[in-house]
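Chemist: Handing you a structure now.
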Amino acid sequence: VVAGFVADRTHARTVVGLSFGILAVSLTSLALVPPQWSGLSVLYLQSALLAGAAFALRGVYYALLAEGGLPERLTGTAVGMVAFIGYLPDVITPYAWGRLLDTLPGEAGYRVLFGSLAALSLLGIFLAVRFRPTAGEGGTSCG
C-alpha cells in the first residue's frame, strides 16, 4: 500500500528502482557477510526488507504500463506477457536453486545464489533508471 501511495505521488519507476535498490543491498550483504557475523535478528531484518521490497515491486510494476504510455487496447496483452515473464522465475528457480545448492553445497552455494540475485537487482535498478515515462506523465497508478 505504501509503495502505491509513493508511486502515485512520484513515479512507479521510482518505487521500482528503490525496491530493486533495497533488494540489491540486502542480497549483497547476504552474499558477502559471513554467517557468524550476523545473528538471528539480522536475518529477520533481512527477511523483512526482502519481502517488503518484493511486495512493493509486485504492487506497482503494472503501473509502468500506464507511465510508458501503452495504449489501453494493448493492456491485456501486455499484462499477459508481463505476468508470463514475471512469474516464470517462480516456476524455474526452485529447480535451478536446488541444482546450484547440490553442486555447491553449503555457504558457497548460498553466496552464489544471493550474489546472482543481487546482480539481477542491479539490472533492475539500471532498467528503472533508463525507463522514460511518456511526456506529461506524472505519478500514475494502475487504475
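The values are calculated or read from the model by the stated rules, or taken from the named source; none is laboratory data. As the structure is a computational prediction, the values presented were derived from the model and not from experiment. Neighbour counts are summed over all protein chains in view; Cβ atoms, including those assigned to glycine, are modelled from backbone coordinates with ideal geometry. Surface accessibility is based on the protein's heavy atoms, side chains included, excluding ligands, DNA and RNA. Shrake-Rupley method; radii C 1.70, N 1.55, O 1.52, S 1.80 Å.
Chemist: Is there a residue in segment 22-30 that is closer than 19 Å to residue 128 by Cβ, modelled with pLDDT under 90 and of a type in the set (Ser, Thr, Tyr)? It would help to see each step written out before you state the result.
Modeler: If we filter segment 22-30 for residues that are closer than 19 Å to residue 128 by Cβ, which is where we start, we get 22-28.
After this cut, where a residue has to be modelled with pLDDT under 90 as well, the list is none.
No, the conditions are met nowhere in segment 22-30.
Chemist: Got a sec? Which of 32, 50 is closer than 24 Å to residue 112 by Cα, hydrophobic (A, V, I, L, M, F, W, C) and open to solvent by less than 60 Å² (accessible area, probe 1.4 Å)?
Modeler: The conditions single out 50.
Chemist: Then there's this: Could you please let me know if residue 19 is within 24 Å of residue 101 (Cα to Cα) and either part of a helix (DSSP H, G or I) or hydrophobic (A, V, I, L, M, F, W, C) (or both)?
Modeler: No.
Chemist: Exactly one condition in (1) open to solvent by less than 50 Å² (accessible area, probe 1.4 Å); (2) of a type in the set (Val, Ile, Thr); (3) under 23 Å from residue 28 (Cβ atoms) is false for residue 134; which is it?
Modeler: For residue 134, the failing item is (3).
Chemist: Collect the residues in segment 35-46 that are open to solvent by 30 Å² or more (accessible area, probe 1.4 Å) and either among the charged types (D, E, K, R) or closer than 16 Å to residue 115 by Cα (or both), keeping them in residue-number order.
Modeler: 35 - this is the single residue of segment 35-46 that is open to solvent by 30 Å² or more (accessible area, probe 1.4 Å) and either among the charged types (D, E, K, R) or closer than 16 Å to residue 115 by Cα (or both).
Chemist: Look at segment 69-121 and say how many of its residues are surrounded by fewer than 11 Cβ atoms within 10 Å (Cβ to Cβ) and not in a helix (DSSP H, G or I).
Modeler: 3
Chemist: Consider segment 27-51. How many of its residues are assigned to a helix (DSSP H, G or I) and either without any contact (Cβ under 8 Å) to a residue 40 or more places away in the chain or over 17 Å from residue 121 (Cβ atoms) (or both)?
Modeler: Residues flagged as assigned to a helix (DSSP H, G or I) and either without any contact (Cβ under 8 Å) to a residue 40 or more places away in the chain or over 17 Å from residue 121 (Cβ atoms) (or both) within segment 27-51 amount to 16.
Chemist: With the checklist (1) in contact (Cβ under 8 Å) with a residue 24 or more places away in the chain; (2) under 25 Å from residue 113 (Cβ atoms) in hand, flag the one item residue 15 doesn't pass.
Modeler: Just one mismatch for residue 15, condition (2).
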